[in-house]
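Since every read-out is calculated from the coordinates, none of them should be taken as a lab result. Predicted model only: the values in this text are computed from it and were never measured. Note that we place each Cβ from the backbone using ideal geometry, even for glycine, and neighbour counts take in every protein chain shown.
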Amino acid sequence: MTATTATPATTSTGRVWFAADAAVAGANAAAYLLVGTQLADLLGGSADTYRWAGGFLVAFALGVAVYARSTMPAAAGWAIVVANVLWVIGSLEVAATGALGLDGPGRGWVLAQAVVVGVFAVLQGRSLRRR
């Protein structure tokens, strides 16, 4: 059995990917919470869904930001990567099925988010493997 020690979250480049993820998630959270009704009018779906997603993203962004600045073990970083992969899968499902009542622009927005989150997951995973 080996002992685990706390080390910086990732390499300095890796910390950038986690910090950027936190910033993007936080910006989306703010938009969903502040203008959820307008987004529902523009993209389809319900304002309550945007507010729920915004609340979730506040918590997620805070957690990722803490990790990006911490000496937490890599397992926490991998949990963030897994959460991002699950977000991508869920986004693809929503875009493909229209599960949340999104119209064309809404589905496009969900796909664009899936691409961004997927890129973060790949870059974060690479930074964690380099440790």
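Annotations
- If only the Cβ of Lys and Arg carry +1 and only the Cβ of Asp and Glu carry -1, the dipole of the chain around its Cα centre is close to 660 debye.
- Only one item in [x] 25.3, 91; [y] 15.5, 48; [z] 16.0, 56 matches Rg and Dmax of the Cα atoms in Å derived from the coordinates shown, and that item is [z].
- Model label points for Ala19 and Asp103, set 7 angstrom from Cα along the Cα-to-Cβ axis, are 4.0 nm apart.
- Label-zone membership for the range 96-113, site Asp48, 7 angstrom Cα→C-beta point, backbone N under 16 Å: 100-102
- Theoretical ellipticity at 222 nm over the chain - DSSP helices of four or more residues, -39500 (n - 2.57) apiece, nearest 500: -27000 deg cm²/dmol
- Residue-span extension gain [Ala59 to Trp78] - 0.36 nm each, minus C-alpha spacing: 5.1 nm
- Once you reduce the range 56-113 and the range 22-49 to the center of their Cα atoms, the two points are 14 Å from each other.
- The C-alpha atoms of the chain define a longest principal axis, and helix 12-34 lies at about 30 degrees to it.
- Ascending count of other beta-carbon atoms within 10 Å, so fewest first, for Arg15, Arg69: Arg69, Arg15
- Unit charges at the beta carbon, dipole of the chain: most positive-side option, Leu34, Ala83, Tyr67: Tyr67
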